[in-house]
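The values are calculated or read from the model by the stated rules, or taken from the named source; none is laboratory data. Not measured: the values here are computed from a predicted model. Every residue, glycine as well, gets a Cβ built from its backbone with ideal geometry; the counts of neighbours run over all protein chains shown.
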Amino acid sequence: MPAQHHRPDTMTATVLRSYFVVLFLAVFAMISLFWGFADTDSAILKLLLIAASASHAALYTLIPVGLTWAVQRINTLVPGLRYPTARILYPLAYLGGSLVLIALYADYRVYTLYDYHLNGFVWNLVSTRGGIDALGATHSTILTVTLQVAAFLVANALTLWGLHHLHHATGRSAVSARSVRYAAITLIIGLCVGEIGHAYSVHTGQEGYLQASDVIPFRFNTTASGTFNRLGIERTALTERRIASGEIAYPGQHLEAKALDHYPNVIMLVGESFRWDLLNPEITPNLWAFSQQALRFDQHYSGGNRTRMGLFSMFYGLYAPYWYSFERQRVAPALMNFLRDKDYQLALHTSQSFDYPELRHTVFTDVPEQYMQELQQGEPWRRDRQNISDLIDKLDQRDPQRPFYGFMFFESTHAPYTFPPEAVIRPDFEPELDYLRMNLQTNIDRIHARYINAAHHVDNEVGRLLDYLKQHNMLDNTIVLFTGDHGEEFMEKGHWGHGRDKVFPEEQIRVPLVLWMPGQEAKVIQHRTSHLQISPTLLTRLGVTQPPLSYSSATDLFTPMPYFVAGGYDYMAVFDEHYKITFPFTGSDYFRYLSNNAQDQALGREDARTVIARYQGTIDAVVEESQRFLRKRSQQVPPIGLVTTCDPKC
């Protein structure tokens with residue numbers, strides 16, 4: 001009788017075994033899609049990549065295997081439970097297999113578009129209010145995602161159903177339990193050996209293997225330097241630079257200043273993903289005309305390739321690594337503290353969210369909610385228009401006896417790049433962006449046309465605001481600034497969009513800067529400038545006499561700097577007119593330097609070593625400056641962020 005009871009379950013086990021083999025092959029095939037992104041310049045690296053892919057495919061297949069095994073194990077441990085049947089085990093295997101396949105496919109799509117795997121940033125995007133909206137996903141993109149997920153679910157169900165009926169019809173399994181067991185043991189041993197090899201590569205700096213294996217999704221990135229040191233294996237890898245945390249010791253309040261008879265109004269306008277070459281008579285005629293009467297900075301750079309780091313550098317004048325500690329500890333910038341101390345009326349507007357990016361926790365920390373307006377419903381171009389109308393209304397209703405501060409963040413120029421019909425100056429635009437189906441190689445010009453039309457719309461709205469200021473004679477006592485939080489690339493260097501954390505190409509970090517300061521003669525500034533210099537410039541204009549380097553990492557915009565710094569979530573770049581050197585600063589990736597020339601072309605290995613050696617003093621100074629405002633280093637007050645140790649000709 002017990003044998004008869006278990007006979008159907010034996011068939012279930014056989015079907016599941018066949019299903020897990022098919023699932024392993026499907027997972028391996030999906031991981032192989034990433035191989036095209038790997039830099040494997042030798043047969044050995046190719047073989048290692050294939051072996052690592054196979055062992056990781058086995059690891060991911062263990063997820064549904066583990067689910068079904070756990071249920072069966074519970075049955076053996078709890079008396080009286082009926083042995084699980086196919087009605088229980090099949091759905092568990094199906095659920096686990098579907099989750100694995102969908103997760104890998106989602107990671108592949110993210111990696112294809114953005115060059116990084118599903119990670120903490122993606123989780124932050126999904127879990128933070130306003131994060132999903134920030135993606136700008138269109139209806140066609142959502143429809144495509146829905147259909148593709150449904151296709152995976154249906155295909156997976158049909159596979160399991162087909163294997164069940166095939167076994168029922170033949171009574172045989174295509175694979176034996178022994179062969180599956182041996183193969184699984186071999187692959188798991190291979191995984192362990194591979195992780196030991198990865199840890200050894202990290203310890204000894206085997207960049208070829210590390211770069212190749214980096215394409216594998218959800219890998220462990222095992223390290224074991226302590227063990228290798230105890231074994232007497234010399235560490236030859238570069239020393240890590242972990243500079244992303246610490247208790248803040250920032251002099252953001254009570255800056256030394258002289259009292260002004262009349263404090264000027266300040267209006268800061270920021271365009272999302274607004275790169276420098278949008279500023280011209282055709283695309284942005286209002287801004288261009290305004291720039292002819294103001295200060296135009298022709299070689300201006302953001303402090304980051306994402307909104308967080310771009311705005312952080314603009315308001316704080318500090319390097320990107322500080323963002324983590326400032327956000328966690330809710331430390332406001334000196335600029336906003338000074339404006340509030342001087343009783344400025346505040347009107348803060350965004351067409352995205354103050355939660356994503358986390359402006360409520362950084363730039364606008366402690367600002368009362370009644371002064372913050374975020375519009376998140378409707379098309380971005382409509383939100384931009386409404387925000388400008390509301391900002392004009394607030395200017396109209398302001399107390400003229402008190403200075404006014406206005407901030408506006410335009411969203412139209414963020415993908416999918418939205419605009420009204422009257423803003424079209426490039427009629428050959430892509431009708432709608434489907435992030436999963438669009439072909440960047442063939443459609444990039446049409447996508448770029450959308451971006452240009454969106455920028456033209458932003459310019460129209462800026463023009464409305466400037467017209468109001470002129471008509472009401474406010475420009476005589478109002479500082480007006482327009483810039484972008486960062487740039488946007490359209491495959492000029494092989495990428496679309498922004499935020500490629502390991503690279504900081506010109507198109508992603510160079511932005512326009514137009515600055516109107518009452519009484520300042522119109523001028524074109526040709527030397528390179530940075531977002532980090534904006535806050536010191538404004539504070540100096542508002543009467544602050546304290547040296548800028550005492551509360552920031554930069555001088556004002558009129559003082560040339562020897563080098564510049566931009567940052568992302570995990571990497572930062574040090575660059576000048578000759579070279580750009582990037583490196584990770586959070587410890588989330590193995591440490592190495594990536595070196596490019598001024599045209600963003602990667603240097604050869606020997607040239608890179610020479611350049612890094614020449615710039616090592618500058619890199620060390622940047623790392624030190626990235627920790628100067630942390631409590632553990634609060635005694636090191638003298639600023640060192642502008643030390644140069646490299647001949648300009650190098």
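Is it fair to say Tyr593 is among the aromatic types (Phe, Trp, Tyr) and either under 15 Å from the mean Cα position of the chain (by Cα) or not assigned by TED's automatic domain parsing to the domain that holds Thr529 (or both)?
Details: among the aromatic types (Phe, Trp, Tyr): yes; either under 15 Å from the mean Cα position of the chain (by Cα) or not assigned by TED's automatic domain parsing to the domain that holds Thr529 (or both): no.
Taking the combined requirement at face value, the residue does not satisfy it.
Can you report the number of residues in region 528-547 which are surrounded by 23 or more Cβ atoms within 10 Å (Cβ to Cβ) and in contact (Cβ under 8 Å) with a residue 40 or more places away in the chain? Spell out how you get there, then give the answer.
Quick first cut of region 528-547, residues surrounded by 23 or more Cβ atoms within 10 Å (Cβ to Cβ) only: 529-539.
Remaining after also requiring in contact (Cβ under 8 Å) with a residue 40 or more places away in the chain: 529-536, 538-539.
Result for region 528-547: 10.
If Asp277 satisfies all but one of (1) farther than 30 Å from Leu391 by Cβ; (2) within 31 Å of the chain's Cα centre (by Cα), what's the number of the condition it fails?
(1)
List pairs: first in region 56-78 and more than 14 Å from Leu23 (Cα to Cα), second not in a helix (DSSP H, G or I), Cβ under 7 Å, 6+ apart or cross-chain?
Val71/Pro84; Gln72/Pro84; Asn75/Leu81; Asn75/Tyr83; Asn75/Pro84
Just one of (1) closer than 30 Å to Arg437 by Cβ; (2) in a helix (DSSP H, G or I); (3) in the same structural domain as Met30 (by TED's automatic domain parsing) trips up Leu153, so point out which.
If we test Leu153 against (1) closer than 30 Å to Arg437 by Cβ; (2) in a helix (DSSP H, G or I); (3) in the same structural domain as Met30 (by TED's automatic domain parsing), just (3) comes out false.
Residues being within 30 Å of Pro403 (Cβ to Cβ), of a type outside the set (Gly, Ala, Ser) and crowded, with 22+ Cβ neighbours inside 10 Å: count how many of those fall in region 480-503. Walk me through how you get there before you give the answer.
So the first thing to find is which residues in region 480-503 are within 30 Å of Pro403 (Cβ to Cβ), and the list is 480-486.
If we keep only those that are of a type outside the set (Gly, Ala, Ser) as well, we get 480-483, 485-486.
Within this subset, residues satisfying the condition of being crowded, with 22+ Cβ neighbours inside 10 Å are 480, 482-483, 485-486.
The total comes to 5.
Quick check on my filter: what residues within region 308-338 are in contact with a Pro (Cβ under 8 Å, 6 or more places away or on another chain) and more than 15 Å from Phe504 (Cβ to Cβ)?
Pass one, region 308-338, residues in contact with a Pro (Cβ under 8 Å, 6 or more places away or on another chain): 308, 311, 315-317, 334.
Listed by number, the residues that qualify are Leu311, Phe315, Tyr316, Gly317, Ala334.
Right, Ser325: under 30 Å from Ala257 (Cα atoms) and touching a strand residue (DSSP E or B) at 6+ places or on another chain (Cβ under 6 Å) or not? Can you show your working first?
Values: under 30 Å from Ala257 (Cα atoms): yes; touching a strand residue (DSSP E or B) at 6+ places or on another chain (Cβ under 6 Å): yes.
Against the criterion (under 30 Å from Ala257 (Cα atoms) and touching a strand residue (DSSP E or B) at 6+ places or on another chain (Cβ under 6 Å)), Ser325 qualifies.
In region 214-254, which residues are touching a Leu at 6+ places or on another chain (Cβ under 7 Å) and not acidic (Asp, Glu)?
So in region 214-254, the residues touching a Leu at 6+ places or on another chain (Cβ under 7 Å) come out as 217, 246-249.
Correct list: Pro217, Gly246, Ile248, Ala249.
With Ser550, Ser530, Ser595, Ser588 as the choices, which residue is among the hydroxyl-bearing types (Ser, Thr, Tyr) and touching a His at 6+ places or on another chain (Cβ under 8 Å)? Spell out the reasoning first.
Values: Ser550 fails: touching a His at 6+ places or on another chain (Cβ under 8 Å); Ser595 fails: touching a His at 6+ places or on another chain (Cβ under 8 Å); Ser588 fails: touching a His at 6+ places or on another chain (Cβ under 8 Å).
Of Ser550, Ser530, Ser595, Ser588, the one residue that is among the hydroxyl-bearing types (Ser, Thr, Tyr) and touching a His at 6+ places or on another chain (Cβ under 8 Å) is Ser530.
Helices (runs of 4 or more DSSP H) wholly in region 169-244 with at least 3 residues that are in contact (Cβ under 8 Å) with a residue 40 or more places away in the chain - which ones? Show your work before the answer.
Values: elements: 177-204, 207-213, 225-230.
By residue number, 177-204, 207-213.
In region 245-257, which residues are part of a loop (DSSP other than H, G, I, E, B) and of a type in the set (A, V, I, L, M, F, W, C)?
To start, the set of residues in region 245-257 that are part of a loop (DSSP other than H, G, I, E, B) comprises 245-247, 249-256.
Once the filter is applied, which keeps residues that are part of a loop (DSSP other than H, G, I, E, B) and of a type in the set (A, V, I, L, M, F, W, C), region 245-257 yields Ala249, Leu255.
Quick check on Thr14: is it among the polar types (S, T, N, Q), surrounded by 15 or more Cβ atoms within 10 Å (Cβ to Cβ) and at pLDDT below 90? Quick ask: steps written out before the conclusion?
Values: among the polar types (S, T, N, Q): yes; surrounded by 15 or more Cβ atoms within 10 Å (Cβ to Cβ): yes; at pLDDT below 90: yes.
Spelling it out, Thr14 is indeed among the polar types (S, T, N, Q), surrounded by 15 or more Cβ atoms within 10 Å (Cβ to Cβ) and at pLDDT below 90.
For the subset of region 408-446 comprising residues that are part of a helix (DSSP H, G or I) and in contact with a strand residue (DSSP E or B) (Cβ under 7 Å, 6 or more places away or on another chain), which member is surrounded by the most Cβ atoms within 10 Å (Cβ to Cβ)?
From region 408-446, those part of a helix (DSSP H, G or I) are 421-423, 440-446; that's our starting set.
From what is left, the residues that are in contact with a strand residue (DSSP E or B) (Cβ under 7 Å, 6 or more places away or on another chain) are 440, 444.
Details: Leu440: 15, Ile444: 17.
Restricting to residues being part of a helix (DSSP H, G or I) and in contact with a strand residue (DSSP E or B) (Cβ under 7 Å, 6 or more places away or on another chain), the top hit is Ile444.
Of the residues that sit in region 542-594 and are of a type in the set (A, V, I, L, M) and in a strand (DSSP E or B), which one is farthest from Ala334 (Cα to Cα)? Break it down stepwise before answering.
Restricting attention to region 542-594, the residues satisfying the condition of being of a type in the set (A, V, I, L, M) are 542, 544, 549, 554, 557, 561, 565-566, 572-574, 581, 594.
Next, from what is left, pick out any that are in a strand (DSSP E or B): 544, 565-566, 572-574, 581, 594.
Values: Val544: 11, Val565: 20, Ala566: 20, Met572: 23, Ala573: 25, Val574: 24, Ile581: 29, Leu594: 33 Å.
Only one residue tops the list, namely Leu594.
Take the conditions surrounded by fewer than 17 Cβ atoms within 10 Å (Cβ to Cβ), assigned to a helix (DSSP H, G or I), in contact with a strand residue (DSSP E or B) (Cβ under 7 Å, 6 or more places away or on another chain) and in contact (Cβ under 8 Å) with a residue 12 or more places away in the chain and apply them to Asp476. Does it pass? Lay out the reasoning, then the answer.
Working: surrounded by fewer than 17 Cβ atoms within 10 Å (Cβ to Cβ): yes; assigned to a helix (DSSP H, G or I): yes; in contact with a strand residue (DSSP E or B) (Cβ under 7 Å, 6 or more places away or on another chain): no; in contact (Cβ under 8 Å) with a residue 12 or more places away in the chain: yes.
No; evaluated as a whole, the condition is false for this residue.
Identify, from the list Ile102, Ile74, the residue that is within 20 Å of Ile216 (Cα to Cα), part of a helix (DSSP H, G or I) and of a type in the set (Val, Ile, Thr).
Working: Ile74 fails: within 20 Å of Ile216 (Cα to Cα).
Every option except Ile102 fails the conditions.
Rundown of residues vs (1) over 19 Å from Ala455 (Cβ atoms); (2) of a type outside the set (Lys, Arg); (3) part of a helix (DSSP H, G or I); (4) touching a helix residue (DSSP H, G or I) at 6+ places or on another chain (Cβ under 9 Å), yes/no style:
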site: Ala259; (1), (2), (3), (4): yes, yes, no, no
site: Ile283; (1), (2), (3), (4): no, yes, no, yes
site: Phe290; (1), (2), (3), (4): no, yes, yes, yes
site: Asp298; (1), (2), (3), (4): no, yes, no, yes
site: Phe326; (1), (2), (3), (4): yes, yes, yes, yes
site: Ala347; (1), (2), (3), (4): yes, yes, no, yes
site: Gln352; (1), (2), (3), (4): no, yes, no, yes
site: Tyr356; (1), (2), (3), (4): yes, yes, no, yes
site: Val367; (1), (2), (3), (4): yes, yes, no, yes
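Is at least one residue of region 277-284 more than 30 Å from Ser53 (Cα to Cα), hydroxyl-bearing (Ser, Thr, Tyr) and assigned by TED's automatic domain parsing to the domain that holds Asn473? Can you show your working first?
Narrowing region 277-284 to residues more than 30 Å from Ser53 (Cα to Cα): 277-284.
Next cut, hydroxyl-bearing (Ser, Thr, Tyr) only: 284.
With assigned by TED's automatic domain parsing to the domain that holds Asn473 added as a condition, the list becomes 284.
Yes.
Give me the pairs: first residue in region 369-392 and assigned by TED's automatic domain parsing to the domain that holds Glu272, second residue at pLDDT below 95 and not polar (S, T, N, Q), beta-carbon distance under 7 Å, and six or more apart or on different chains, which are they?
Gln376/Gly130; Gln376/Asp133
Can you name every residue in region 539-554 that is in contact with a strand residue (DSSP E or B) (Cβ under 7 Å, 6 or more places away or on another chain) and of a type in the set (A, V, I, L, M, F, W, C)?
Listed by number, the residues that qualify are Val544, Ala554.
Restricting region 371-398 to residues that are of a type in the set (A, V, I, L, M, F, W, C) and part of a helix (DSSP H, G or I), which is surrounded by the fewest Cβ atoms within 10 Å (Cβ to Cβ)?
Our first condition is that a residue be of a type in the set (A, V, I, L, M, F, W, C); within region 371-398, this holds for 372, 375, 381, 388, 391-392, 395.
Among the residues that remain, those that are also part of a helix (DSSP H, G or I) are: 381, 388, 391-392, 395.
Working: Trp381: 24, Ile388: 23, Leu391: 23, Ile392: 17, Leu395: 20.
Here the answer is Ile392.
Starting from region 19-41, take each residue that is among the charged types (D, E, K, R) and list its partners that are modelled with pLDDT under 90, counting only C-beta distances under 6 angstrom and pairs at least six apart or across chains.
Going by the 6 Å Cβ cut-off, the qualifying pairs are Asp39/Gln211.
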